[in-house]
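Visitor: Below is a structure I'd like to ask you about.
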Amino acid sequence: MPHLAFVVNNADFLVSHRLVLVRGALKAGYRVTAIAPEGQGLNTLREAGCETVAWRLRRTGQRPHEEAMALAHLGSLYRSLKPDLVHHITVKAMLYGSLAARANGVRAVVNAVSGLGYVFLSSGVRAQVRRQVLRAGYRMALTTPGSAVILQNDDDEASLRELGVLDGARIVKIRGSGVDLSRFPQTAEPTGTPLVVLPARMLVDKGVREFVEAARLLGKSARFALVGGEDEGNPAGIPRAELDRWVQEGVVEWWGHRGDMPDVYRQANVVCLPSYREGMPRALLEAAATGRAIVTTDVPGCRDAVANGLIGRLVPARDSRALARVLSELIASPADRQRWGQLASAHARDNFSEDRVLASHLELYRSLLLG
């Protein structure tokens, strides 16, 4: 029985985005261990039949001695657990896990790059320095012997090649983490005042402020809801006071984190994600499967989710007026919403099912273990 370890800096992310891989690997006969900091997500993984080990890591930690201790702890876990294959998800897991794998003879490594993240979107001297550090780390991680790198879109591959970190890397394209089509069935949109939903963590780089400004421009023509929790550990997090002020002004509703996203999409007429960059946004794939009209930005990941504008509307990033203009058109036209929703649902069901994504991962695991 091969031993597969998933390594992530937040177990909740593994549950929300990769639980199908955990369950699928268990069903395929793997011994599966999740390595992540303590959190509720580890309990959910144990209930799914996965072994769990707490990794002494602070997700937002930046103190060198703490990070060195986290790296050393992960190395000790690899030595004691002796996994045959490790699947690293999120940046710290990929960087520290690849070092630990090299040092401890792990023979098969998967590094999943799901978007280039906050550091690559930021400007300023500090961000430039961090990008240089990450560049060296990516080069080491993505070329680990016996490894493969999973990329979700062509733009991320082009960006990483431009950085010179993919030379010699084995690249596999798996577009997204899949949609559970039984959980997100196609449904008719509701009647009444249209509801436009932004489903994401409350981060600047998700385009939250542009969405709010567009809502302000459009007034009472529709309801506008932010659906997602705060992320206090993220430097791009929207302050709670700002969120509360928008709600008090009556510009938007803020529903917070929701565990019942199928019901959220059933209530929505339009789903909007004006992000600055993504890997392959799961929220858009789920919204597409349910047959909702989508408005998103013409940036890596987002445009891939809507087939370069063939099954959803694209607007420039960071442009609230362009966003308001396209939203206004859809708000005013139920026929257009229905047409775009049908196109989106058919595309999602043909291309982004969980079964398809799981099969691609299991085939990659088999090929790496066979050498």
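The values are calculated or read from the model by the stated rules, or taken from the named source; none is laboratory data. Owing to the predicted nature of the structure, the values given are computational and were not obtained by experimental measurement. Cβ sites come from the backbone with ideal geometry, for glycine too, and all protein chains shown count toward neighbours.
Visitor: I need the full set of residues from the stretch 154-177 which are touching a residue at least 60 places away in the same chain (Cβ under 8 Å) and touching a Lys or Arg at 6+ places or on another chain (Cβ under 7 Å), in order please.
Guide: Keep residues of the stretch 154-177 that are touching a residue at least 60 places away in the same chain (Cβ under 8 Å), which gives 154-156, 159, 172, 174-177.
Once the filter is applied, which keeps residues that are touching a residue at least 60 places away in the same chain (Cβ under 8 Å) and touching a Lys or Arg at 6+ places or on another chain (Cβ under 7 Å), the stretch 154-177 yields G176, S177.
Visitor: Of the conditions (1) modelled with pLDDT under 95; (2) farther than 22 Å from R282 by Cα; (3) not charged (D, E, K, R), G117 satisfies every one except a single condition; which number is it?
Guide: Unmet for G117, out of (1) modelled with pLDDT under 95; (2) farther than 22 Å from R282 by Cα; (3) not charged (D, E, K, R): (2).
Visitor: Does A169 satisfy being in a helix (DSSP H, G or I), farther than 30 Å from P334 by Cα and under 23 Å from the mean Cα position of the chain (by Cα)? Walk me through it before giving the result.
Guide: Working: in a helix (DSSP H, G or I): no; farther than 30 Å from P334 by Cα: yes; under 23 Å from the mean Cα position of the chain (by Cα): yes.
Spelling it out, it is not the case that A169 is in a helix (DSSP H, G or I), farther than 30 Å from P334 by Cα and under 23 Å from the mean Cα position of the chain (by Cα).
Visitor: If a residue has to be surrounded by fewer than 16 Cβ atoms within 10 Å (Cβ to Cβ) and either outside the structural domain of G207 (by TED's automatic domain parsing) or over 19 Å from K206 (Cα atoms) (or both) to count, how many in the stretch 298-322 make the cut?
Guide: 2
Visitor: Tell me the residue from R337, R325 that is buried (at least 19 other Cβ atoms within 10 Å of the Cβ), farther than 16 Å from R175 by Cα, among the charged types (D, E, K, R) and in the same structural domain as P262 (by TED's automatic domain parsing), please.
Guide: Details: R325 fails: buried (at least 19 other Cβ atoms within 10 Å of the Cβ).
Among R337, R325, only R337 is buried (at least 19 other Cβ atoms within 10 Å of the Cβ), farther than 16 Å from R175 by Cα, among the charged types (D, E, K, R) and in the same structural domain as P262 (by TED's automatic domain parsing).
Visitor: Could I ask something else about it? Spot the failing condition for V53; the list is (1) more than 18 Å from L364 (Cα to Cα); (2) of a type in the set (A, V, I, L, M, F, W, C); (3) in a loop (DSSP other than H, G, I, E, B), and only one is missed.
Guide: With (1) more than 18 Å from L364 (Cα to Cα); (2) of a type in the set (A, V, I, L, M, F, W, C); (3) in a loop (DSSP other than H, G, I, E, B) applied to V53, the lone miss is (3).
Visitor: Further question: Quick one: D205 ticks every box in (1) closer than 25 Å to V271 by Cα; (2) without any contact (Cβ under 8 Å) to a residue 60 or more places away in the chain bar one, so which box is it?
Guide: Tallying (1) closer than 25 Å to V271 by Cα; (2) without any contact (Cβ under 8 Å) to a residue 60 or more places away in the chain, D205 fails exactly one: (2).
Visitor: Which residue is nearest to L160 (Cα to Cα), if the candidates are limited to the stretch 273-299 and must be among the acidic types (D, E) and part of a loop (DSSP other than H, G, I, E, B)? Even if it seems obvious, please write down each step before you answer.
Guide: If we filter the stretch 273-299 for residues that are among the acidic types (D, E), which is where we start, we get 278, 286, 298.
Cutting the leftovers down to part of a loop (DSSP other than H, G, I, E, B) gives us 278, 298.
Values: E278: 14, D298: 19 Å.
Residue satisfying both the conditions and the ranking: E278.
Visitor: Follow-up question, since we're still on this one. Give me the residue from the stretch 14-48 that is assigned to a helix (DSSP H, G or I) and of a type in the set (V, I, T) and, out of that set, nearest to D180 (Cα to Cα). Show your work before the answer.
Guide: Kept after step one, since they are assigned to a helix (DSSP H, G or I), are these residues of the stretch 14-48: 14-27, 40-47.
Filter again for of a type in the set (V, I, T), leaving 15, 20, 22, 44.
Values: V15: 13, V20: 9, V22: 14, T44: 18 Å.
Only one residue fits best here, namely V20.
Visitor: Could you check how many residues of the stretch 240-256 are in a loop (DSSP other than H, G, I, E, B) and loosely packed, with under 13 Cβ neighbours inside 10 Å? Break it down into steps so the answer makes sense when it comes.
Guide: Looking only at the stretch 240-256, we keep the residues that are in a loop (DSSP other than H, G, I, E, B), and these are 250-252, 255-256.
Next cut, loosely packed, with under 13 Cβ neighbours inside 10 Å only: 250, 256.
So the count comes out to 2.
Visitor: Something else now. In the list E66, E51, E47, which residue meets the criterion of being of a type in the set (D, E) and in contact (Cβ under 8 Å) with a residue 12 or more places away in the chain? Steps first, please.
Guide: On the way: E66 fails: in contact (Cβ under 8 Å) with a residue 12 or more places away in the chain; E47 fails: in contact (Cβ under 8 Å) with a residue 12 or more places away in the chain.
Exactly one residue qualifies, and that residue is E51.
Visitor: Follow-up. Contact list please: Cβ distance under 8 Å, first residue in the stretch 33-44 and outside the structural domain of S16 (by TED's automatic domain parsing), second residue assigned to a helix (DSSP H, G or I) and surrounded by fewer than 19 Cβ atoms within 10 Å (Cβ to Cβ), pairs at least six apart or on different chains.
Guide: none
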